[in-house]
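Heads up, the thing below is written out as structure tokens.
Each value in this text was obtained by applying a stated rule to the coordinates, not by laboratory testing. Being a predicted model, the structure only gives us computed values, none of them experimental. Here the Cβ positions follow ideal geometry from the backbone for every residue, glycine too, while neighbour counts run over all protein chains shown.
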Amino acid sequence: MSPITRGIKWMSYSSLTYILAGKLLTLRSLNFMANRIHVDVLAVARDLIVNSVTFSGFTILLYDHILTIGDEINLVWRKPKNIVSCMFLLNRYLALSIVTVGLYDKLYSGEHSRMFCNVWILLQGYLTIICYISLHAVIAIRVNAIHGGIAKIRNLLWTGGIVYTVSIFVFQTATYPMLVAQLNPNVGACIMSIPPYLWISWIPTLLFEAVLFVTTVHFAWSRFSCSTDYGAFYASLFHDGAIYFLVVSLCSLASLIVWARVPPTLIGFARPLSLCLITTSGSRLILKLKLRVYGQSHQPITEEKSSAQTSPEFEFKTHARSVNSLWDNPSNREIPLPA
């Protein structure tokens with residue numbers, strides 16, 4: 001074979017090898033770009049889901065706040081204050097502030113400083129816990145009151161409440177260093193991932209909610225089965241409590257499942273929406289109770305109504321403002337329900 005022929009053949013092989021290598025590199029580049037695009041699209045989709053759910057919860061909370069601001073002014077601000085009123089206001093405005101700052105964190109286009117993320121993660125965790133505890137405390141006071149403040153119910157609620165409160169504060173304090181260590185503030189939001197076992201922090205909440213609901217059901221069953229005097233009034237209390245328990249339990253259970261099963265980028269899917277729904281439900285529960293107490297308080301008691309002065313509803317309305325009597329007179333079986 002002449003040198004020219006060998007040269008042409010070598011050039012042909014070289015050209016073919018170059019073309020094949022170029023095709024292979026092009027395919028690899030396209031594959032890498034496709035994977036990168038897929039990852040970017042997936043991340044954007046997850047961020048969109050989290051932001052949409054958070055904004056939906058904020059909309060529900062704000063809309064309910066606007067609808068009930070008149071009742072809040074008339075039934076809370078213009079009435080004597082007690083522990084229930086203070087917890088109502090604390091939870092109502094604290095939850096709105098938490099969700100508002102959370103939206104700012106997610107929608108802010110710039111880069112957050114690490115100090116901002118550290119402080120925000122700390123405050124968000126503890127303030128959310130305070131919101132949950134305040135609502136559960138109101139329901140516990142309600143349950144204790146409808147049972148007449150008997151010792152075994154009061155001790156059960158105190159024990160369950162202390163265990164519940166200590167448990168969630170311990171979980172929050174123990175996991176905070178791990179949460180801060182995994183922060184990534186350079187992506188425009190305080191993104192973090194949680195330890196895989198942190199879903200168990202929702203179990204104390206579910207257990208305490210179950211205790212509150214079971215004690216309410218026990219009271220309703222005992223009263224409805226032995227007396228007709230408690231029918232309409234306590235049926236309303238039981239109905240409202242059952243709806244609240246359903247909402248709170250479903251939100252807590254959904255948060256537990258999300259924290260246990262979904263990817264770390266979707267962790268923010270659960271807590272803001274749950275906080276908004278639970279706060280809305282709790283606010284409605286308290287306002288409805290206060291409306292029942294104060295709705296007809298301006299009407300005088302006539303002689304014709306004197307026969308009803310021994311009814312549970314009369315006792316409830318007469319002593320509704322004396323929330324401290326729940327604890328000052330534990331042996332009194334006619335302790336009124338606070339409003």
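Report the FRET efficiency, 1/(1 + (r/R0)^6), for ASN74 and ARG261, where r is their Cβ-Cβ distance and R0 is 45 Å, rounded to 0.05.
Here the calculated transfer efficiency is 0.50.
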Once you put a point 7 Å from the Cα of SER97 and another 7 Å from the Cα of ILE162, both along the Cβ direction, what distance in nm separates them? 3.0
So for the pair LEU250, ILE66, with labels modelled 7 Å out along Cα→Cβ, what separation do we get in nm? 2.4
Work out, step by step, the length gained on full extension between PHE169 and LEU48: first 0.36 nm times the residue separation, then minus their alpha carbon distance; give nm to one decimal. 40.5 nm
